[in-house]
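Values in this text are rule-based calculations from the coordinates and carry no lab data. Just so you know, these numbers come straight off a predicted model, no measurement behind them. Cβ placement follows ideal geometry from the backbone for every residue including glycine, while neighbour counts extend to all protein chains displayed.
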Amino acid sequence: MVQIILSIILIITLIFSISVVIQKRKKAGIIGIKSILTSICLYLIAVTNLLAYWFDFMGLLNWSITVILLILGAYFTKYMPVPVR
């Protein structure tokens, strides 16, 4: 029962977070795919780990995918826009 509640909380949080990121991008006038690649990689980490938890797939492949996505997310930070003060 606790696993289902935690999964639902994670899904709701992901949906809320994605909507906030989209709204902030629209408000700032940011367009293009390169600047959102870091966020996409980090959201994919959460989805990958959630699916691994649901399907009992917590092994080397899950960890490898997580590490690769984390490295890609760190690499794509160079495309994030610099805030103007």
**Neighbour count of at most 13 Cβ within 10 Å plus DSSP loop: longest chymotrypsin sites (Phe, Trp or Tyr not before Pro)-free window in the chain** = 1-54
**Student exercise, the chain dipole from Lys, Arg, Asp, Glu Cβ charges, in Debye to nearest 20** = 640 debye
**Asked** In whole percent, what relative contact order does the chain give with Cα contacts below 8 Å and a gap of six or more residues?
**Response** 35 percent
**Asked** Out of GLY73, VAL2, PHE55, whose Cα points farthest toward the positive end of the dipole of the chain (charges: +1 Lys, Arg; -1 Asp, Glu; placed on Cβ)?
**Response** GLY73
**Item:** Label zone at ILE68 (point 7 Å along Cα-to-Cβ), backbone N below 20 Å, region 18-46
**Value:** 37-46
**Prompt:** Name the residues of region 16-55 whose amide N is less than 12 Å from a point 7 angstrom out from the Cα of LEU6 along the C-beta direction?
**Reply:** 50, 53-54
**Complete:** Given backbone amide H placed at 1.01 Å from N, residues whose amide H is under 5 Å from that of MET80, ignoring those fewer than 5 places away on the same chain, are none
**Request:** Just need the Rg to Rh number for the chain, please, alpha carbons only, Kirkwood Rh.
**Result:** 1.05
**Prompt:** Between rounded, prolate and oblate, where does region 5-51 land on the alpha carbon gyration tensor, with a ≥ b ≥ c its root eigenvalues, rounded for a/c under 1.5, else prolate if a/b exceeds b/c?
**Reply:** oblate
